[in-house]
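Participant: Shown below is the structure under consideration.
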Amino acid sequence: MARDTPTESRLAELYTRHAPAAQRLAFLLTGDRAHAEDLVQEAFVRVVGRFGHLRVPDAFEGYLRRTIVNLHTSQLRRRRVERAWLERERGGVRPTATLPDVGAREELWRAVLALPPRQRAAIVLRFYEDLSEHQTADVLGCSPAAARALVARAMDTLRDQVRKDEP
């Protein structure tokens, strides 16, 4: 059976000595036993992690208490920010769940099929296959600038076609 190192026994002694008071403080702050236990564990880990850097190692209890309060305050602040964000989002515009316009999709696909072959290939590679400009250029056997130009010309043609078909 392995024996505890002096550091481990010191940590166990610190936890045994300070955990009950820390639990009480955390419970009084949170009103929830499970949350209080989590808070104490987090605070203890943080203070012990900085134990070698404490200016007054004998003031462990004070550091632990301050850490518990700071962690609790940070959690409250985070919840407040989250609630404010949710409140803003609730008042915002909600996306409507509409069915896709199959007719528009068919029109667009017909317009893509009407493009010259290299422009159509550039559009399909860039947007349907999700290739980068360089990958598209490699597949088409041209420079990235030429691939960009093919995509730009195809997009202009598609925009014109969609505008012309709009009522």
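Participant: Between Glu82 and Val102, what FRET efficiency comes out of the Förster formula 1/(1 + (r/R0)^6) with R0 = 45 Å and r the beta carbon distance, rounded to 0.05? Walk me through the intermediate numbers first.
Facilitator: On the way: r = 39 Å, r/R0 = 0.87.
Step by step, r from the Cβ atoms, then E = 0.70.
Participant: Next question. Just to confirm the number: angle between the C-alpha axis of helix 33-49 and the first principal axis of the chain, 0 to 90 degrees, nearest 10?
Facilitator: 80 degrees
Participant: Can you compute the modelled spin-label distance between Arg46 and Glu89, with each label point 7 Å from Cα toward Cβ, in nm?
Facilitator: A separation of 2.5 nm, rounded to one decimal place.
Participant: Another question, if that's okay. The chain: Rg/Rh from Cα coordinates, Kirkwood Rh?
Facilitator: Here the Rg-to-Rh quotient is 1.40.
Participant: Helix 6-30 sits at what angle to the longest principal axis of the chain, using alpha carbons and giving 0 to 90 degrees rounded to 10?
Facilitator: For helix 6-30, the angle is close to 70 degrees.
Participant: Working out 0.36 nm times the residue gap between Glu133 and Arg33, then minus their Cα-Cα distance, what length gain in nm do you get to one decimal?
Facilitator: Values: separation 100, 0.36 × 100 = 36.00 nm, distance 5.62 nm.
That pair, Glu133 and Arg33, stretches by 30.4 nm at full extension.
Participant: Another question, then. Using a/c under 1.5 as the rounded threshold, could you call region 102-165 rounded, prolate or oblate? The axes a ≥ b ≥ c are square roots of the C-alpha gyration tensor eigenvalues, and prolate needs a/b larger than b/c, oblate otherwise.
Facilitator: prolate
Participant: Also, quick follow-up: Please compute P(r) over all alpha-carbon pairs of region 6-91, binned at 5 Å starting from zero, and give each bin as a whole-number percent.
Facilitator: Once binned at 5 Å, the Cα pair distances of region 6-91 give 3, 14, 22, 20, 14, 10, 7, 4, 3, 2, 0, 0.
Participant: Any chance you could give the angle, 0 to 90 degrees and rounded to 10, that helix 144-165 forms with the longest Cα principal axis of the chain?
Facilitator: For 144-165 against the chain, the angle is about 70 degrees.
Participant: Highest GNM mean-square fluctuation, the chain, Cα pairs closer than 10 Å: which of Glu106, Glu87, Glu37?
Facilitator: Of Glu106, Glu87, Glu37, the most mobile in the Gaussian network model is Glu106.
FYI, it's all coordinate maths here, none of it is from the lab. Since we're looking at a predicted model, the values are computed, not measured. A quick note on method: Cβ atoms are made from the backbone with ideal geometry, for glycine too, and the neighbour counts reach across all protein chains shown.
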